[in-house]
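K.L.:
Quick one: structure below, then a few questions.
Where a number appears in this text, it was derived from the coordinates with a stated rule and is not lab data. Values in this document were obtained by computation on a predicted structure and should not be read as measured data. Heads up, the Cβs are rebuilt from the backbone with ideal geometry, glycines too, and the neighbour counts pull from every protein chain shown.
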Amino acid sequence: MADDDGHEPIAEEGTPDLNDESRHRRPLPRSVWILGFLWLAATAGAVLWGISHEEDDLTDRAAQALDGQSVSVDFVGRDAHISGLVSTAADLDRAVATARQVWGVRRVESDGVSIAAGDASQVPTEMSPPFVAISIEEGNVVMSGTVPDPATADAIIRAARARWGGDNVADQLIVGSNTSGAAWLAGITRAIDGLDALESAQIEVDAGGVSIRGDVASEDIRRGIEESLTSAFGADIAIDNQLLVADLADPSFEAELIDGGIVLRGLLPDRETVDAIVAGAVGVYGSSQVTDQMIVGPATASPGYLTTLPSVFGAIDGLNPWRLSLVAGKATITGLAVSDSAIAGTVDRLTSALGTGGLSLESELEVDPSAVAAVLTELLQGTATFEVASARLSAEAMVLLDSAIEILQDNPTTVLTVEGHTDDVGTEEDNRLLSEARAQAVVDYLVAGGVAEERLAAVGFGESQPIADNGTADGRSENRRIQFVVEQGDS
């Protein structure tokens, strides 16, 4: 700013200009520079260690893949460099294709490979046979080898991507200018279509036949893949099947009726099997009554009999409680039944359902008169048994009581008390009288259906024995109920 005479003030010597940006700059402390240098050094070391570690891993896996071939391999990053001496150009093509097959390899250079003397000018005088290799590793697939023309290569890659998905297939096929055709090339796409059961495997196809290595879940799968390959390539192509049946855990399963609901437990091979079993239980008992505690084990066998399990819930009738267990391919049903005929019917239906999968059934069911009361009470649970504020039976209740009549006729010595219960809406005395009238209405319906009157008694407890909270609509609904209690019975 100018002074009164219009002159700019002159800063004193040695005094910093306060308008200069440099007044904001301060030298960083020495400790900050040291920490920054150490961080950069550590980061660079980690990167260099990671690159070196990746190179070592790729080198080891590529060396294993090339075992038996007269070449060696080393890596710079993910780029392979093979060297050595081979007999023919076909051997060179095979070495390159094998190295490309290793998962993680970006490119393969073969400048360090020489073809043995005698193969004039290192140019083959004869056409080399084609070669295809398929590497499958947990859903990731590498297609490599040498084929005679682009059309063949495109057909193979299309088939692979249709089978495993486009994002899961790496195309490392080479079109060789000196590669001949072969009859087996026509079957390679059909062969690929039959490999869907393989999780991890190595397949090689050349003039010598088909070699396949890896693990499968069962002998049936192993045999099925060999049959599929024979069908694709023809009986004249040799199949060297080195697939091993993996040591898989046996599946297990248990379904149990507890307090009117179904609890599902077990070890199953996949989510599809679990979902199918849950759907079968829900179809019979409703989603609110099914508790799924099953787990999926990826190393669990998947025998065909698992497909029968969703049908077991509709086969079990007249039992309360019950438990169906499946261990080591054997099914066992335990529980209490209302009658011998209920046992016979359930066993017949279960045997028929499970028998389609080759399972045998062992029955440990017993007749228990108290099970009659449990089954009869379960029949009416959750049902709008009576019209509102009335002792008149609903149409739905009458249908269920018809089933109760059949059960009582199967158990002619069982004597029951029919209990009526209400919620707390209204006076205590009104609720007692209403519950007595409802219990008597049930007794009257059963007697009209052919049950001896002397086997039945009616009693009303009104609101005095709630089983749920009367403060909620759902709780009051549960408290409005009919229960059956066994008084005596000789079976």
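K.L.:
Would you mind ranking TYR285, TYR445 so that the residue whose beta carbon has the fewest other beta carbons within 10 Å leads the list?
P.N.:
Final ranking by Cβ density, sparse to dense: TYR285, TYR445.
K.L.:
Here's another thing I want to ask about it. Sorting VAL338, VAL113, VAL415 on the 10 Å Cβ count, fewest up front, what's the list?
P.N.:
VAL415, VAL113, VAL338
K.L.:
Now for a different question. Would you tally the net charge around ASN470, using a Cβ to Cβ cut-off of less than 14 Å, leaving ASN470 out, and scoring K and R as +1, D and E as -1?
P.N.:
Working: positive: ARG476, ARG480, ARG481; negative: ASP423, ASP424, GLU428, GLU463, ASP469, ASP474, GLU478.
Here the count lands on -4.
K.L.:
Can you work out D for segment 127-247 in µm² s⁻¹ from Stokes-Einstein, where Rh is the Kirkwood radius over C-alpha pairs, the temperature is 4 °C and the viscosity is 1.567 mPa s?
P.N.:
Taking Rh from Cα pairs, D becomes 90 µm²/s.
K.L.:
At 4 °C and a viscosity of 1.567 mPa s, what translational diffusion coefficient does Stokes-Einstein give for segment 252-367, taking Rh as the Kirkwood radius over Cα pairs? Give it in µm²/s as a whole number.
P.N.:
The estimated diffusion coefficient comes to 92 µm²/s.
K.L.:
Using only the alpha-carbon atoms of segment 359-472 as identical scatterers, what base-10 log of I(q)/I(0) does the Debye formula give at q = 0.21 Å⁻¹?
P.N.:
Normalising to I(0) and taking log10 leaves -1.20.
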